[in-house]
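Presented below is the structure to which this report refers.
What follows is calculated from the coordinates using simple rules that are stated; it is not laboratory data. Everything numeric in this text was worked out from a predicted model, so none of it was measured. Virtual Cβ from ideal backbone geometry, glycine too; neighbours counted across all protein chains shown.
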Amino acid sequence: MKTRSLLFAAICSAMAACRPDTKIDVIPPQVNSVEINGFDSSAFSVMAGDTLYVAIGLSDNDALNEMRLVIHDADNGHVHNGTGHTGGEFHLNSGIWGKEEVIEFASRSAVQNEVVQVIVPDTIAGNWHLVVTAMDQVGQVSKEHTVLLKVENPDLPFITVTTWPLINNEGIVYMQADSNLTVGGTVSDMHGVDKILVYSMNALGTMSEVDTIDNEVNSLELEFAGATFDMVPAGTFRVVVEAIDAIGSRRVWDAKVIAQ
């Protein structure tokens, strides 16, 4: 009986010796750097139509599998956890832009450096987030690294707005509930102004009735003096001025209104 026990122990020991030394990877990869056209920052002012070269540095304790770059609008006030810019912008964008690019790494490497070319559309203006993440060979995903892209576009209509009550330096109109809000101003454009739309929008994106001011003579400048919201109820919403020029380009101006 003792001989059989010793034989069984020897077999178990041999099996254990042949078992591979498997390590469990519990460390996610990292996005170490995101540079745009050679500069490192969490926010960039860029021009519509620009070509951006996004240089990204990634690392992992073992091996990387893929990198994901996403561009989405930043106009609804959402925030990002992770590194880089936190978000929180809340002004409506002019135009639509989105991008998603996934790069898979063929070689098992702990360090990767990639350059992605991004072309900014020439029809937009406003705030967008560029978000980079990395995934390793076992499926762990890095923290997000976010960069704010503030897109400027001088080719869109130029809007100047005055509100009564007056808008403050933070872009907010505070007013008394059940009173009137009046919006006026000027739109100019080198192609000629076609029309101006004035409306309000609640937190769900539902629009009020639209007040339309047409430019009958297609002049380079058009004033609007008396768009009034009567008996504004208590609450928070956005007042919006949208300008359209003679070739169909659009720009949106908006302000937060708090009625108490």
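Assorted remarks:
- In a simple Cβ point-charge model (Lys, Arg +1; Asp, Glu -1; nothing else charged), the range 158-259 has a dipole of about 340 debye relative to its Cα centre.
- Rounded to the nearest 20 debye, the dipole size of the range 30-152 about its Cα centre is 100 debye, using +1 on the Cβ of Lys and Arg and -1 on the Cβ of Asp and Glu.
- For the chain, with +1 on Lys and Arg beta carbons and -1 on Asp and Glu, the positive-most of Val239, Asn180, Val70 along the dipole: Val70
- The long axis of helix 2-18 is offset from the longest Cα principal axis of the chain by roughly 40 degrees.
- 3J(HN,Hα) couplings calculated from phi for the range 172-180 with the Karplus curve 6.51 cos²θ - 1.76 cosθ + 1.60 (θ = phi - 60°) are, in sequence order, 10, 9, 9, 8, 7, 4, 6, 10, 9 Hz; Gly and Pro show x.
- Look at where the Cα atoms of the range 91-114 and of the range 158-207 average out, and the two centres are 36 Å apart.
- For the range 151-168, backbone phi angles converted through the Karplus equation (6.51, -1.76, 1.60; θ = phi - 60°) give residue-by-residue couplings of 8, 10, 8, x, 7, 7, x, 9, 10, 10, 10, 10, 10, 10, x, 6, 6, 8 Hz, Gly and Pro being listed as x.
- Proximal lysine pairs, the chain, alpha carbons under 27 Å, eight or more residues apart or interchain: 6
- As a rough footprinting exposure proxy, the listed residues Ile196, Ile159 were ranked by other beta carbons within 10 Å of their own, and the order from fewest upward is Ile159, Ile196.
- When the Cα positions of Leu166, Ile24, Ala259 are compared along the charge dipole of the chain, Ile24 comes out farthest toward the positive end, with charges on each C-beta of Lys, Arg, Asp and Glu.
- Ranking Ser33, Val151, Gly88 by Cα position along the charge dipole of the range 30-152, where only Lys, Arg, Asp and Glu carry charges on their C-beta atoms, puts Gly88 farthest toward the positive end.
- What you get for the chain, charging only the Cβ of Lys and Arg (+1) and of Asp and Glu (-1), is a dipole of about 1740 debye around the Cα centre.
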